[in-house]
1. Please pick out the residue among A:GLU246, A:GLU206, A:GLU224 that is free of Cβ contacts under 8 Å to residues at least 40 places away in the same chain, open to solvent by 20 Å² or more (accessible area, probe 1.4 Å) and either charged (D, E, K, R) or assigned to a loop (DSSP other than H, G, I, E, B) (or both).
2. In region A:299-338, how many residues are within 11 Å of chain B (Cβ to nearest Cβ) and either at positive phi or touching a Lys or Arg at 6+ places or on another chain (Cβ under 8 Å) (or both)?
3. Among the residues of region A:157-177, is there at least one that is assigned to a helix (DSSP H, G or I) and within 14 Å of another protein chain (Cβ to nearest Cβ)?
4. Might you check whether a residue that is closer than 30 Å to B:GLY65 by Cα and open to solvent by 50 Å² or more (accessible area, probe 1.4 Å) occurs anywhere in region B:163-176?
5. Any chance you could count how many residues in region A:231-281 are over 18 Å from A:ILE309 (Cα atoms), within 19 Å of the chain's Cα centre (by Cα) and of a type in the set (S, T, N, Q)?
6. Within region B:340-396, how many residues turn out to be among the charged types (D, E, K, R), closer than 17 Å to B:HIS435 by Cα and either out of contact with any helix residue (DSSP H, G or I) (no Cβ under 9 Å at 6 or more places or on another chain) or surrounded by fewer than 17 Cβ atoms within 10 Å (Cβ to Cβ) (or both)?
7. Name the residues in region A:184-194 that are away from every other protein chain (no Cβ under 14 Å) and open to solvent by less than 20 Å² (accessible area, probe 1.4 Å), would you?
8. Being open to solvent by less than 30 Å² (accessible area, probe 1.4 Å) and more than 10 Å from chain A (Cβ to nearest Cβ) is the filter here; which residues of region B:59-104 pass it?
Amino acid sequence: MRNLALSLSLICLAELVLAFETEDRARFGPDNAEQALKVISTADIGFFEPMITSFLASHPDIAIDYIVASSAELMRAIRDEGHSFDVAISSAMDLQTKLANDGKAQRHSSAVSRSLPGWAVWNDMLFAFTQEPAAIVVSKDAFGDMAIPESRHELISLLRQEPERFRGRVGTYDVRTSGLGYLFATQDTRASETYWRLTEVFGGLETRLYCCSSDMIEAVKSGELLIAYNVLGSYVANRSDRSEFEIVLPSDFTTVMLRTAMIPHNAPSPELSGVFVDHLLDRSHGPDAQPLTHPVIDLNDIEPSVNRIRIGPGLLVFLDQLKKRAFLSEWESAILQK
Amino acid sequence: MTDPLVKGSIRRRLLLSLLAGAAILAIVVYFVVQSVARQVAQESQDNILTASAQSILESARSFGGQINVDLPYSALSMLDSVSDERAFYSIHLEDEFLSGYPDLPAAPGALAGSPAFRSTEFLGEDVRIASVRRSVSTDMGRRFLQVSVAQTLSGQKLTLARFSRTAMGIGAGFFLLSMLLAAIVARSTIRPLHRLTASVSRRGPNDLRPVAAPVPSEMVPLVSSLNTFMNRLQKSLTRSEDFIAEAAHRVRTPLAIVRTKAEIIQRQADDPEIKVALGEMIHAVDDSSRTAGQLLDHAMVTFRLDNLSSEDINLAQLTHDVVERARPMSELKEIDLDTTILDDTTLHGDPILMQNALHNLLDNALKYAPPGASVDVAVTRTPDGARICIRDTGPGFPTGELPSLPDRFIRGDNAKGIVGSGLGLTIVKEVVEAHGGRMETGNNPGGGACVTLHFPSA
């Protein structure tokens, strides 16, 4: 009996320890709603709120429980801990692909999903609803009348010309801790060898490493950084003080991340999830779309250099433990230069 | 004549068997195409999986005794290039799991240089797995490295569905074409039979010649028995006609003698009763001898019809001769015999038969018309040939019996007491029809019989 009590308490403890970490949580819609959609997402509440508001406007009898978590925690919650959500939204395309590939997503097909362009759907499981480019963000004040680099080559030559000016004032993702940073870095290496040269140069300038785009943007605003590389352009564009920044979409190639939604395999009411996903897609695609990202970034202007990350099993490659270990060790030796 | 009992149809049976065969073939074609498609789709998927697994295997490097696998991006992205597919892989160094999906089963039997495949279910979906292996040197000696790559089947299923539709189309097209061919074949197979039927039914009533047109070998027994049958029929007909003619001929001479003797006795006899009896006897003998004569005529006509001669006949001249020959008889009966129109017309045919026919008609007219009546003969040219018209002012044909009068031995109701056999109109009709013409019998509006012979132009 005592053993049983002990094991029960151990199980409870384990549950607590295993529970994934949430960053934020909010409930929208009527309190007495009969149906509530549980949405787990990596996007900030503020970023996603317009979508929820528009959905509730057309479905007033539904409530939405919006949970914010990091992409790694989202993965853990769904794959390892088996929590059930109605919709999972993430910017980590590789992890979303992994979830779908491993059978953690269910298929959804509707008139809306069938009308999407090919790059926006994968296997009727993953649906892209934003296109967010990785940008070079520069503080306009700090640069003054200095020429702003338009490509990675120009950035490399600028950094090489004036190393002292930029020492310690360049920032980028720490790919060891940031899933999105890792995705951007690996896709950059696929597109061009320039990435490794740039990383070598970053290494020589004691580049500062960040966990997230918002921290880098704040650092640029405060003047701590002059240049931030591979920042989510949409985060800058959605800010009210965006005019202080110059958002450079590199002209050699611009890596574009797709924020994707999926319906987890254990979603309690898949039809309702489908309705929400369709709303999401309907509002994000087509000529009358009102996307979540600010229209100041128009990918149509730079279409030839857009390197849209393709959803598919290719994304599993850099999640391979051997591959990841090799990549990280190469990256570390380039950027830390120990 | 009774209609033959119908049971089945050769053409329908042929058509049905051909169609059944075509349907079976079409189904076979459908399944063959589909199975070939399945094989091709499977092979192409296997090739992609092998290429993917091979590229992973080749990316393995031995590095200071440790195995380092640098997974190529294309190894997995190529699996998704045509259709969205879930993809899985696993890398093992003998039994030691290195990377990928640890639970993914390997396809058994892979050797260095020869991949192995298997189909199974993995993570809730049907997958195809390819496994390849090669030996690598490690610090523990040479060991084998095995890579398995798996892919879901949605692309393959799409391809198969497409092929299935194509196969269905091919099968249906094949069947339609066969249907058309079967219809044509059935028709052409039956055609000789139709031809034979047509040639037999086209024949005149007295045509019993053997069938001479070429027929397919399968129909030879039928045609030869038909020919034998007709031959027997011909012989039997000829024999009976010969017999009748012979009998008539033999009866005529004794009858003539009997008549002459009876006349002599009648003239010498004094008893009025005997005179009357002898008169009746002479009348009966006349009747019999006339019948015998007509039977002979008929036999002659039949014989000549079988061997119809074709000469140019001047109808006006011929009619004139016949009328002149009948004139003594008409004068005897005080009947006014006249030819109103004699157009100059020519006809191909047998003049003796024509004479005979006309003679019969005139004979009938003179026989049935009462004294004082008149008989009128006219030969006129018509746009499409010639017409001979004989009308009298006698009692006319009994209207109810008009259609049956030309039949053999049929006589009109009003013919009682008049010598005759009932063969006259039969002979006329046969002769006219043998010359491609037709006979019309009827009554004049003002009373009296009217017979019109129509002949096509020569």
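The values are calculated or read from the model by the stated rules, or taken from the named source; none is laboratory data. Model, not experiment: these values are computed from the prediction. All Cβ positions, even for glycine, are placed from backbone atoms using ideal geometry, and neighbour counts span all protein chains on display. Protein only, heavy atoms only, side chains kept; ligands, DNA and RNA dropped before computing areas. Shrake-Rupley method; radii C 1.70, N 1.55, O 1.52, S 1.80 Å.
1. A:GLU206
2. The number of residues fulfilling the criteria is 7.
3. no
4. no
5. Here the count works out to 1.
6. Here the count works out to 3.
7. Matches in region A:184-194: A:PHE184, A:THR194.
8. Correct list: B:GLY65, B:SER90, B:LEU93, B:LEU104.
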